[in-house]
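Structure record follows, encoded as C-alpha cells.
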Amino acid sequence: MRMAKKNNKNEQLPEGMSRRQAKLAARAAERAALEREPRPFAGLAMEPQLVAMQEFIPSATAPLTVEGTDRKITLCTVLPGAAAALVREEAYGGEAFVAMQQAVRSNNPGKDLAYALNWVKNAEAGQSLASATADGTQPELATLLDASSTLTITAHQDFNWWLAENDNLTPDVAQHMQAANDSILPSHEVEADVPGAVWWVNPGGKAHIRWVRTDNETALFNALARIAARGELVLGEETKFAGAFRTHGIVVPVWDLPTDRPHTDYAADLVALNEKIAAELDNDAQLTADERRQLENIKSRQVTIR
C-alpha cells in the first residue's frame with residue numbers, strides 16, 4: 001500500500017519565503033526562545049526592585065504605569081494559584097494585577113513580564129492569565145515601561161491584598177488564604193540612601209539582609225574581597241557576610257544578622273559599607289594574596305539562582 005503524500009499546496013508560508021526558509025526561520029525562533037537573557041531587566045531603573053520581587057520578597061505590591069493604557073495596574077509578587085495576571089471584575093474595581101512569581105516561566109523573564117503587561121492592557125474584567133510564557137508576540141519591555149521610573153513597593157506580611165474590599169470568602173478560599181498567610185516569612189525593605197534594593201528577612205534562627213546591586217560582577221566581587229580582607233565586610237556587631245546570590249545577571253550580597261535587631265536599624269551601616277564599596281569599584285590594582293583568598297572564599301559561597 002502506498003502512503004498518501006502530505007498535501008502542502010495550501011500551506012501558508014511567510015511572504016517571500018520558500019518552505020525550507022520558513023522551516024529554518026521557525027527553528028531559529030525556537031532556539032531564540034530557549035536562550036536565556038543574560039540580564040533581562042537591564043536598562044530599567046527598577047531593575048533591582050524587579051529582581052527582588054521575583055526572587056526574594058514573599059508578598060508585596062507596587063503600582064505600575066504601563067505605556068498605552070490608563071488601566072490601574074499593580075505589580076505583585078504572587079497571585080492565587082501562581083497565576084501570571086488577572087483583572088478583577090468591575091464590581092470589585094476592575095484593577096489589573098501582574099505577578100513576578102508564577103507557576104510557569106520561560107528563560108526570558110523580561111519577555112514574560114512584557115507578555116503579561118501587554119495582556120492586561122487589553123484583557124476584559126474578570127479574566128485571568130494562567131501563564132505568561134513569552135511567545136514572540138509581546139512588545140519589547142522597554143516600550144511598555146519608563147526606563148527612568150522606580151517602584152514604590154509595599155511589603156505585606158500576609159496575602160490579604162488578594163481580596164477586594166467587598167469579597168465574600170467561602171470556607172475553601174478562607175482555608176487557602178490562611179495556609180498562604182502561614183507560609184510567609186517576615187520580610188521588610190530596608191530604607192537607606194544606597195543603590196539597589198535592600199531586603200531584610202527573618203526565617204528563624206538568624207535574620208538576613210539581601211542587597212540587590214547592579215554593579216559589574218567582577219568589580220563588585222573584587223571590592224567585597226578587598227573590604228573583607230580588612231575585616232570590614234559587616235553591617236555592625238554580630239553580623240557576618242554570608243555569601244552572594246547571582247541571579248538575572250546581577251549580584252546579591254547576603255549578610256547573617258541577629259534576629260533581635262530590627263530591620264530599621266541598618267541604614268547607617270549600609271551607607272557606611274556602600275561608601276567603602278564605591279571607593280573600591282574602580283580599583284584596578286592587583287589583589288593581594290589575602291584579598292585573593294577572600295575572593296575565592298566569596299566565590300565558593302555564591303549561589304546561582306537563574
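All of the numbers you see were taken from the coordinates with simple rules; none came from a lab. These figures come from a predicted structure and were not determined experimentally. Please note: Cβ atoms are built from the backbone with ideal geometry, for glycine as well, and neighbour counts cover all protein chains shown.
Projecting the Cα atoms of Ala116, Asn283, Val194 onto the charge dipole of the chain, computed from C-beta unit charges around the Cα centre, puts Ala116 farthest toward the positive end. Classified by the C-alpha gyration tensor, region 118-159 has an oblate form. Its axis ratio a/c, with a ≥ b ≥ c, is 1.5 or above, and a/b does not exceed b/c. Computed from label points 7 Å out along Cα-Cβ, the spacing between Glu217 and Lys299 is 1.1 nm.
Between Ser18 and Thr143, the FRET efficiency from the beta-carbon distance, with R0 = 41 Å, is close to 0.80. In terms of surrounding Cβ atoms within a 10 Å radius of their Cβ, Phe97, Phe56 rank from fewest to most as Phe56, Phe97. Note on Gln286 and Asp182: the model spin-label points, each 7 Å out from Cα along the C-beta direction, lie 6.0 nm apart. With 0.36 nm allotted per residue and the present C-alpha distance subtracted, the Glu165-Thr264 stretch has 32.6 nm of extension available. Fewest-first ordering of Ser187, Ser18 by other beta carbons within 10 Å of each residue's beta carbon gives Ser18, Ser187. Note on Thr154 and Arg246: the extension gain reaches 30.7 nm, defined as 0.36 nm multiplied by sequence separation minus the Cα-Cα distance. Cross-link reach is defined here as a Cα-Cα straight distance under 16 Å, omitting same-chain residues fewer than 8 places apart; for Lys206 the aspartates and glutamates meeting it are Glu237, Glu238, Asp256, Asp260, Asp265. With 0.36 nm allotted per residue and the present C-alpha distance subtracted, the Glu232-Ala174 stretch has 16.1 nm of extension available.
Of the residues Asp146, Asp172, the one with the fewest other Cβ atoms within 10 Å heads the list, and the complete ranking is Asp172, Asp146. Calculate for the chain the 222 nm mean residue ellipticity that helices alone would give, adding -39,500 (n - 2.57) per DSSP H run of length 4 or more and normalising by residue count, nearest 500 deg cm²/dmol. Rounded to the nearest 500, it is -9500 deg cm²/dmol.
Computed over the chain, the alpha-carbon pair-distance distribution with 20 angstrom bins reads 28, 49, 19, 3, 0, each value a whole percent.
Helix 109-122 and the longest principal axis of the C-alpha atoms of the chain enclose an angle of approximately 50°. The Glu89 and Lys276 beta-carbon pair, evaluated with R₀ = 45 Å, returns a calculated FRET efficiency of approximately 0.30. Between the C-alpha center of region 79-143 and that of region 230-306 there is a gap of 35 Å.
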